[in-house]
Structures are given as C-alpha cells and as structure tokens.
C-alpha cells in the first residue's frame, strides 16, 4: 500500500483544526463518529513490525529521563473541579553519561490511539506509533554540574511527548528540560497509577467562567518551578538545575503560554513561541525587556499575515527579539515530532507542508538551541543575527 492510498489516515480535520493555532482537533463525539466510519483503503491491521525513529540528538551528552507527577494542593483543577487538585505530569530530561540506563518509551499505545482516533485515523496504527524509538534513557547516570532549565509546553490537545525530539536535542547540548503535560488538555495522557485522562478542556474551553488556557498554564509552570527549585524539591535530581538560568518554549498555545508565564513569573528569563496565536490581551508588565523569539509558519505568521496577534505582540516586546518564519512549514507537523513519525509510518502529510521532515526538525532544533545558548548561557550565536545560507528557508522579519 502506498503513501497516497493511506493519505486518509491524517484527515481533513487535522488540516482544519490543528493548523488553527490553539484550537482542538475533533470533539469527542465527532472523533468517535469519524473513527467508526469506514475510510477508503482503510488498514485492517498494522503492517508495521516496528515504529518510527526520532532524529538522533546532535549534542555530546547522553539523555536521561525521569517522570514526575505533581499535584498543586492550592488549586482545584479548572477543567474538572471534581477531580481535586490541579495535576501535572512532567518528563524531566537531564544530561547523562552516554550508554547508561535503559531505553525510554515514546507514547503509550493508549496515548497514540487517542491522538490518531481524534484525528480520524484508524486505531490500528497506534502500536507502531507508540513503538517510535527515542534516544532518552531511564535510570541513566546523571553527569555532575548545574545546567540551565528549559520548560516545554505542548500545543493544545497534543501530548507533551510530541516535543520529545526538541527535549532530547536540548538535553544532549547540556540543558535540563521539563516537558509538561497539563491535565485534561491533551487527547490522551497515561498516568503512572494506570489512569487515563482525555481532553476535557477541548469540550469546555471558552464556556462562561472557564479561564484562558494560557493563564492556567502560566500557573502550572510557576507551580512546577516552585517544586523544582524550592527548599524541598520534588525531583531527586533537582541539584542539576541552575535556578538562575530558566527559559520556556511552547508550541501553538504553549507558545502563547510562554509569554504569559514570563509576564507572570520573573524567574523565566527567555521565551519562545513556536507558531502559536497570542490569545491574551497585552499583559500589564509584558516580558519586561527579556528576550523572546517568534518562530512560525511563513503562510500564517509573516507580518500582515493571517494571524495579526503576532503583529500586535511584536510591538509590545521591549527587549531582544526576533521574528522568524519558515518557508514550507505547517503548524503541527513541522514544529513537533509528528512530521518525522507520520512520514516513517507511511502516511501522507495533508497539512500543506512542503518542507521535508528532517529539514523541519533540523531548523527547529538549531534555532531554539541557538536562542537558549545566547540568552541562558551568554554564548554568541551568529545564527540569530540574520539570514543564513545554511538555512535559506528561514526569513527574518523586521517590521
């Protein structure tokens, strides 16, 4: 079966919903109907014996990974109040001795199935997607020293683990990375106790009395920083974190949340929005002169493009700033693991991306690493000074 005959597997719902920054894909009812309806050329069972493979990290360090479950006793969950305290599930990545530990998993089969089915894809592809090879290791031996911390927040409805390639890349270059699942904001999250949560926020977001997602995530990240850098840290390897060097990046609504978090929490010194609309009104304090990077699709996020929130936000950013767009990129597939995974599983990308997955992955990794190197490590990175012959797809905008 060719890629063309399997193109149905990422449906038009993915094009419509996930290319609109911050919007959910399908509602639970619509997704169930889409999953039940037979699709032309549908695969009855997965023909793949193994999963895909994420790009190998390019840095000199091995990548260790722990899982941290936290509950904020001072906040009730805004989406499901009856569930009790607000919960977070965090993958903590740290520089490790190469070759130590054991291979870490990617998504669970249930998480992969939730993503696929909610985008009209047969659940038979869940096993090969979940079997995707990653380069992080469980119980890996941590290297000594203190490292800058980067918090990563995923797009709305997406698992934190769809930013795994970026987390592994930054860690291989000497960062500690906290990759956050915000409870009830992804299509599916498998918790260590065996429970499974779905995207309730996809259904109730925008209802009267419900908070803005970026406000919720800002509070989530501030709580996380308290638990990582406080007097009694929740993570056993918290000594690896240099609490004076903290940054944040997010995809889609996670990028909006990065700016909101910087407005609310002065501990976050540098931020990145990867192709997300800014849904908030201009915060009173803004980012207070701290550096911020806008990195997005050329089709939507060039000056005067379809998303004018970037134009208004650019004006209020009062410190070091860059506005970059990537030709041929698409909202979900080019800024996450999705492009690499679906390509290797033989699925056609219907979102309009013409940039090959390996190229998109390289651009995102290089520019974010350069940004955090410059602003958390104070290492010169000429890549951020202007357009580069090595990356002709990237345009610098100076409106």
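Values in this text are rule-based calculations from the coordinates and carry no lab data. What you see is a predicted model; the values in this text were computed from it and never measured. Every residue, glycine as well, gets a Cβ built from its backbone with ideal geometry; the counts of neighbours run over all protein chains shown.
Could you give the length gained by full extension between residue 288 and residue 71, i.e. 0.36 nm per residue of separation minus their alpha carbon distance, to one decimal place? Could the numbers behind the result be given before it?
Numbers: separation 217, 0.36 × 217 = 78.12 nm, distance 2.97 nm.
Length gained between residue 288 and residue 71: 75.2 nm.
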Would you calculate the separation in nanometres between label points at residue 327 and residue 378, each defined as 7 Å from the Cα along the Cα-to-beta-carbon direction? 3.8 nm
One finds the C-alpha centres of segment 235-277 and segment 117-168 to be spaced, in Å, by 17 Å
Extension gain, residue 203 back to residue 395 (0.36 nm per residue minus Cα-Cα distance, nm): 65.5 nm
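In what order do 184, 175 fall by count of nearby beta-carbon atoms within 10 Å, going from fewest to most? Numbers along the way, then the final one.
Details: 184 22, 175 27.
Ordered from fewest to most neighbouring Cβ atoms within 10 Å, 184, 175 come out as 184, 175.
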Looking only at Cα atoms, what is the convex hull volume of the chain per residue, in Å³? 136 Å³
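Between residue 308 and residue 388, what is 0.36 nm times their sequence separation minus the Cα-Cα distance? Round to one decimal in nm. Mind showing how you got there, number by number?
On the way: separation 80, 0.36 × 80 = 28.80 nm, distance 2.61 nm.
Between residue 308 and residue 388, full extension yields an extra 26.2 nm.
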What's the Kirkwood radius of segment 295-359 in Å, using all Cα pairs? 13.0 Å
Going by how many other beta carbons lie within 10 Å of each one, how would you line up 170, 317, fewest first? 317, 170
